[in-house]
1. Kindly indicate which of V233, V158, V199 is under 17 Å from the mean Cα position of the chain (by Cα), assigned by TED's automatic domain parsing to the domain that holds V307, of a type outside the set (F, W, Y) and surrounded by 15 or more Cβ atoms within 10 Å (Cβ to Cβ).
2. Within region 59-86, which residues are at pLDDT 95 or above and buried (at least 20 other Cβ atoms within 10 Å of the Cβ)?
3. With the requirement that a residue be basic (K, R) and under 13 Å from C127 (Cα atoms), what does region 176-192 give you?
4. Any idea how many residues of region 46-58 are of a type in the set (G, A, S) and either crowded, with 24+ Cβ neighbours inside 10 Å or at pLDDT below 95 (or both)?
5. Please verify whether region 44-62 includes one or more residues that are within 20 Å of G130 (Cα to Cα), outside the structural domain of V241 (by TED's automatic domain parsing) and hydroxyl-bearing (S, T, Y).
6. So which residues in region 127-139 are in a loop (DSSP other than H, G, I, E, B), out of contact with any strand residue (DSSP E or B) (no Cβ under 9 Å at 6 or more places or on another chain) and small (G, A, S)?
7. Does V226 qualify as being surrounded by 23 or more Cβ atoms within 10 Å (Cβ to Cβ) and at pLDDT 95 or above?
8. Which residues, taken from region 52-88, are in contact (Cβ under 8 Å) with a residue 24 or more places away in the chain and within 20 Å of I209 (Cβ to Cβ)?
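The values are calculated or read from the model by the stated rules, or taken from the named source; none is laboratory data. No experiment lies behind these values; they were computed from the predicted model shown. A quick note on method: Cβ atoms are made from the backbone with ideal geometry, for glycine too, and the neighbour counts reach across all protein chains shown.
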Amino acid sequence: MCTDASALVEAIRSLAVRGAPLLGIAGAYGVALAAARGFDVAEAARALEEARPTAVNLSVGVRRAQDAHQAELARTGDPTAAAVAALAAARALHQEDAEASARMAAHGLALLDELLPGGGHRVLTHCNSGSLVSGGEGTAFAVALAAHREGRLRRLWVDETRPLLQGARLTAYEAARTGMAYTLLTDNAAGSLFAAGDVDAVLIGADRIAADGSVANKVGSYPLAVLARYHHVPFIVVAPVTTVDPGTPDGASIEVEQRPGFEVTEVAAPHVPVTGAGGGIPVAPLGTQAYNPAFDVTPPELVTAIVTEEGVVSPVTAEALAELCARARGAALG
C-alpha cells in the first residue's frame, strides 16, 4: 500500500505499478495523495514524473491532477478544496481510461476482421497490456479479449517478455482467467512461429508514440515488427490518444529508460537463498555487464495501424496522427 507520494514513486520505479495507462492514473492519484497529506505538491509531481522517463502517460496524469490542484488553489486559496479538485481529476482520468479501453477494443476488433476476414485469428502479443495496466480491460489485450468473446480468436501467442517476464507472469494469467486459448513462448521462438505461418497479426501496446508515428514499447517489440513486415503480417499498436506525444518529434527523440543490469544477470527464485546484487539467483559470472533497455522504438513504416479510442490511423503518418489528436481535443472540449 502506498500511503504517500514517495512510496508510489518507488512502486513505479520497481515496476510494482506499471503499464502506460495505469501509470497515468497512478500519477494523478499520487498528486492527489500528496495534496491530501499536505505535502509539497509541486515536488511530489516532479518526483512522480521522473520515476520512469519513457511512458508519456505518467506525466500526462501527473500534470492533469496538478493543474486541477493549482487552479482550485488560485481560485479559492483553500488547500482542502484544491486537494479535492486533484482527486476529482484523478478519478475522471480513471473513468476515461476505462471508457477508452472499451472503444479501443471495438475499433481493434473491427480492424482485425477487416484485415483478416473469417475469424479464427491467431494473434501474437508482447509484454502485458490488459486490465493490470489499465482502468478498464487494457489496450492490445482488450482487442484480443473482444475477439475471444466473439468467438473469433483461435489462439493468443504470449511472448514471455524477458527479462522481467511480464508476458509469462501477467498476460498468461489474464488469458487463463478469461478462458482464452493461449500459448506461452520464449521471445526468441517468435521467428519460428512466423516462418511456420502460425501468426495472423501482432498486437502490442505503447508507452509513447512520437509525432511521426514512431512507437516506444517494451523491448522486443521492434524485432517483432521486422519479422511481421518480412512475413507480411499486420503489426498493430493499440494505445489511448494520451500516449501520442506531439512534443516528441520522432523516434530518435524518445528517451529510452535503462534498467539495472541485475534484471538480466539474475533470476528471481522464491524461497531459495539469494546471492545476487538484486536479490536473485545469478545466471552470469560475477561482474558481467548487461545491456538492459526497458523499451525499443519501432519506426512508423513498420506499423500497419495505430488503434486508439478515437479511431484507427493507417497508414501511420505524422499528418494522420496530428489530425487524430486534433479530433480528440475537439471531442474533449465538447
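1. When all the criteria are applied, what remains is V158.
2. Within region 59-86, G61, V62, R64, A65, Q66, A68, H69, E72, A82, A83, A85, A86 qualify.
3. none
4. Residues that pass the stated criteria total 2.
5. Yes, region 44-62 contains at least one residue that is within 20 Å of G130 (Cα to Cα), outside the structural domain of V241 (by TED's automatic domain parsing) and hydroxyl-bearing (S, T, Y).
6. G130, S134, G135, G136
7. Answer is no for this residue.
8. Hits for region 52-88 are R52, P53, T54, A55, V56, N57, L58, S59, V60, G61, V62, R64.
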